[in-house]
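Colleague: Just dropping this structure here.
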Amino acid sequence: MTRPHIGAKTVSVKLDSDIRDRVDNLAQARHRSAHWVMREAISQYVDREEKHEAFRQDTIKAWEEYQETGLHASAAEVNTWLASWGTENELAEPLCHK
């Protein structure tokens, strides 16, 4: 008998019949349980959304810093720098300026 994970908590999710059938079909094709497929899907979704939220927060922080300082590198400067990557004449990263 499989034991639940330590600290695991049972929750209930209502799925329409179409999505439940798709989960069941995928579980059967992968030789896994529908429970495993749903846990994996939720885990991957949460991981992806946490990364998205961290990126969003970093963007907000960068925007606020720019508004306070005015320091920036232009798109042209960054593009020139990136285009030099992997070449013999690789450039140093552009300096921020006002």
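Colleague: Filter segment 44-98 down to the residues that are part of a helix (DSSP H, G or I) and among the hydroxyl-bearing types (Ser, Thr, Tyr) and list them by number.
Modeller: Correct list: Tyr45, Thr59, Tyr66, Thr69, Thr80, Ser84.
Colleague: I'd like the full set of residues that are touching a Ser or Thr at 6+ places or on another chain (Cβ under 7 Å) and aliphatic (A, V, I, L, M), limited to segment 76-95.
Modeller: If the condition is that a residue be touching a Ser or Thr at 6+ places or on another chain (Cβ under 7 Å) and aliphatic (A, V, I, L, M), then Leu91 is the only one that fits.
Colleague: Here is a follow-up. Scanning for something surrounded by 10 or more Cβ atoms within 10 Å (Cβ to Cβ), among the acidic types (Asp, Glu) and closer than 30 Å to Cys96 by Cβ, does segment 30-42 turn up at least one residue?
Modeller: The answer is no, given that none of the residues of segment 30-42 is surrounded by 10 or more Cβ atoms within 10 Å (Cβ to Cβ), among the acidic types (Asp, Glu) and closer than 30 Å to Cys96 by Cβ.
Colleague: Right, another one. State yes or no: is Met38 out of contact with any Asp or Glu (no Cβ under 6 Å at 6 or more places or on another chain), hydrophobic (A, V, I, L, M, F, W, C) and at pLDDT below 95?
Modeller: no
Colleague: I've got another one for you. Report, ordered by the first and then the second residue, all pairs with beta carbons closer than 8 Å, sequence separation of six or more or different chains, a first member in segment 59-86 that is surrounded by 12 or more Cβ atoms within 10 Å (Cβ to Cβ), and a second member that is of a type in the set (Lys, Arg).
Modeller: These pairs meet every condition: His72/Lys98.
The values are calculated or read from the model by the stated rules, or taken from the named source; none is laboratory data. Just so it is clear, the model here is predicted, and its values are computed rather than measured. Here the Cβ is made from the backbone with ideal geometry for all residues, glycine too, and neighbour counts use every protein chain on show.
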